[in-house]
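The values are calculated or read from the model by the stated rules, or taken from the named source; none is laboratory data. These numbers come from a predicted model, not from an experiment. These accessible areas exclude ligands, DNA and RNA; they are computed on the full protein's heavy atoms, side chains included. Shrake-Rupley method; radii C 1.70, N 1.55, O 1.52, S 1.80 Å.
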Amino acid sequence: MANRDIDPLKVVEQQNAIIRIQSGVIDELFLLLMQHISAEEAGSLPCVDRINLAAGIRRDIGIEI
């Protein structure tokens, strides 16, 4: 590997930035989807359970996004 001399903290910061960007894109896509389906259809989507699980974990550890 050519990147062994990279600062581990820098790597974690970059990974965090990537995760935040991806999260924002997912949120935007979900909002677009919500414009085209009913609340009942949205409630039955398996991803809604995982979104709620992630929100609960964030709440439990005190992360606000």
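Where does helix 46-61 land angle-wise versus the long Cα axis of the chain, in degrees 0 to 90, nearest 10?
It is inclined by approximately 50 degrees.
To the nearest 10 square angstrom, what accessible area does LEU31 show with a 1.4 Å probe?
Counting only protein heavy atoms, LEU31 exposes about 110 Å² to solvent.
Tell me, what is the Rg over Rh of the chain, with Rh the Kirkwood radius over Cα pairs? Present the calculation step by step, with values, prior to reporting the outcome.
Values: Rg = 16.4 Å, Rh = 14.4 Å.
Reported Rg/Rh (Cα atoms, Kirkwood Rh): 1.14.
Roughly how much of ASP27 is accessible, in Å² to the nearest 10, using a 1.4 Å probe?
So the heavy atoms of ASP27 present about 90 Å² to solvent.
At 0.36 nm per residue, minus the direct Cα-Cα distance, what do SER44 and ILE26 gain on full extension? Give it in nm, one decimal, please.
4.7 nm
Considering only protein heavy atoms and a probe of 1.4 Å, how much of the accessible area of the chain is carbon and sulfur, as a whole percent?
Carbon and sulfur together cover 61 percent of it.
Does anyone have the angle between helix 8-34 and the longest principal axis of the chain? Alpha-carbon axes, 0 to 90°, nearest 10?
In the chain, helix 8-34 runs at an angle near 20 degrees to the longest axis.
Counting only heavy atoms of protein chains, what accessible area per residue, in Å², does the chain have with a probe of 1.4 Å?
90 Å²
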